[in-house]
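Only one structure is covered here, and it is reproduced in the block below.
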Amino acid sequence: MALANVVRDVFEETFGYPSEYVIQAPGRVNLIGEHTDYNDGFVLPCAINYQTIVAASARQDHIVRLVSVDYDNDVDQFDLREGIEFMEGKMWANYIRGVVKCLLDLGYQFSGADIVVSGNVPHGAGLSSSAALEVVIGQTFKTLYDLKITQQEIALNGQKAENQFVGCNCGIMDQLISACGQENHALLIDCRSLDTVPILIPEEMVIMIIDSNKKRGLVGSEYNARRLQCESASQAFSVKALRDLSLEALQQGKDKLDNVVYRRARHVISENERTLLAADALRSGDLKLMGKLMAESHISMRDDFEITVPEIDCLVDIVKNELGEQGGVRMTGGGFGGCIVALMSPEKVDSVKRAIENEYQQRTGLKEDIYVCQAKQGASIVAQ
Ligand code: GLA
């Protein structure tokens, strides 16, 4: 059954009346520009056709009632007039609690809501299921109470909830693309100004996401450590962020940094350059150049930023061998497992799938999942 019908049906069964709205926010895949967002740099993601979806209605009182279809119809409830607290062992609810709390902290005024949530963004795969949840909840309160909040602000509010309430120091990319994505386009995002430039994805470029099924977790992983290393590099050069440092300047001042921090900074600075070049390559449909830049990006993540794992390197290797110069492939997302993304012509799809099916499990003992994706619109009302 379509997700929209699932949440609508569960809503009516649970709350005993029909929902007012069905609202969605998508997951994302990043084509290039990894760990650049929190360095005020550039990223090039698109929203995908996997989403978090809610059925929702406003309430007259101050109670928020939540049901998660994907967690066996687990429930949560809180009162907007009491301090909204973190709930040990109920992570799905904490994203929602965090978003609502941050909206209140910003001064937005609203009453309660009944909300049923479900989704098909694979969890723990690096496709931003949590950002999609944060954004869909922001979008829901905007819709139910006609809040004067922009898509950008919904994204920033979601990021704040994740940073301050959930405790993961993520950047702005995931929430921004989930809130602002455009159908058939990737967005070149300047993570300093938050300006976005939509870039049409040519019809002859297929986006394939391959989940290694090597599970990952951002909270408690190496993510926050990388962020601190980047900050220490920019402090050593007295710049606001690594965005403000050129490769030449980094090279010249190499002695200011220990070797690990130097390599972390080299990844970020070179990745920013590649992302800008990739935006042009995508715009002109240059699959060969896109492939070269994605290959360099992967090597930089593997050797300098050290966020890949053997299973991911293996998948990239298999796809790269099959594509040669006729496409691109790299790890996507925060790292330490999760997914790779590949761009290729439609004719290549079957042979790439076959190569993965033949080799990946045999080489790693893990079975992949393959998604051929479309770039989709960001958060929106599905039905009312
Ligand atoms: C995670 C974070 C993003 C970004 C990526 C790496 O997805 O949530 O903000 O830093 O990792 O590019």
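In the stretch 29-46, of all residues being part of a strand (DSSP E or B) and either more than 7 Å from the ligand (Cβ to nearest atom) or among the acidic types (Asp, Glu) (or both), the one that is farthest from the chain's Cα centre (by Cα) corresponds to 42. The C-beta contact set for the stretch 107-131 (first residue free of Cβ contacts under 8 Å to residues at least 60 places away in the same chain and surrounded by 21 or more Cβ atoms within 10 Å (Cβ to Cβ), second residue part of a loop (DSSP other than H, G, I, E, B) and not hydroxyl-bearing (Ser, Thr, Tyr), distance under 7 angstrom, 6+ apart or interchain) comprises 112/59; 112/61; 112/62; 112/80; 113/59. Taking the stretch 162-213 as the search range and keeping residues that are without any contact (Cβ under 8 Å) to a residue 60 or more places away in the chain and among the hydroxyl-bearing types (Ser, Thr, Tyr), which one is farthest from residue 364 (Cα to Cα)? Taking the candidates together, the pick is 193.
Restricted to strands (runs of 3 or more DSSP E) entirely inside the stretch 150-267, those with at least 3 residues that are farther than 18 Å from residue 42 by Cα are 206-211. Do we have residue 158 as farther than 30 Å from residue 288 by Cα and within 16 Å of the ligand (Cβ to nearest atom) here? Yes, satisfied.
Being within 19 Å of residue 33 (Cα to Cα) and either more than 22 Å from the chain's Cα centre (by Cα) or hydroxyl-bearing (Ser, Thr, Tyr) (or both) holds for only one residue in 238, 234, and it is 234. Output the residues belonging to the stretch 68-113 that are under 26 Å from the mean Cα position of the chain (by Cα) and among the charged types (D, E, K, R). Selection gives 70, 72, 74, 76, 85, 88, 90, 97, 101, 105.
Only one entry in 356, 318, 269 is touching a residue at least 12 places away in the same chain (Cβ under 8 Å), within 15 Å of the ligand (Cβ to nearest atom) and not hydroxyl-bearing (Ser, Thr, Tyr), namely 269. Inside the stretch 120-153, residues that are farther than 18 Å from residue 65 by Cα, more than 16 Å from the ligand (Cβ to nearest atom) and not β-branched (Val, Ile, Thr) make up a count of 6. Within the stretch 117-145, restricting attention to residues that are more than 12 Å from residue 162 (Cβ to Cβ) and assigned to a loop (DSSP other than H, G, I, E, B), which residue is farthest from the chain's Cα centre (by Cα)? That would be 120.
Residues that are touching a strand residue (DSSP E or B) at 6+ places or on another chain (Cβ under 9 Å) and of a type in the set (S, T, N, Q) were ranked within the stretch 306-359; the one that is surrounded by the most Cβ atoms within 10 Å (Cβ to Cβ) is 332.
Just so you know, all these numbers are worked out from the coordinates, no wet-lab data involved. Treat the numbers as computed from the prediction; the structure is a model and nothing was measured. Neighbour counts are summed over all protein chains in view; Cβ atoms, including those assigned to glycine, are modelled from backbone coordinates with ideal geometry.
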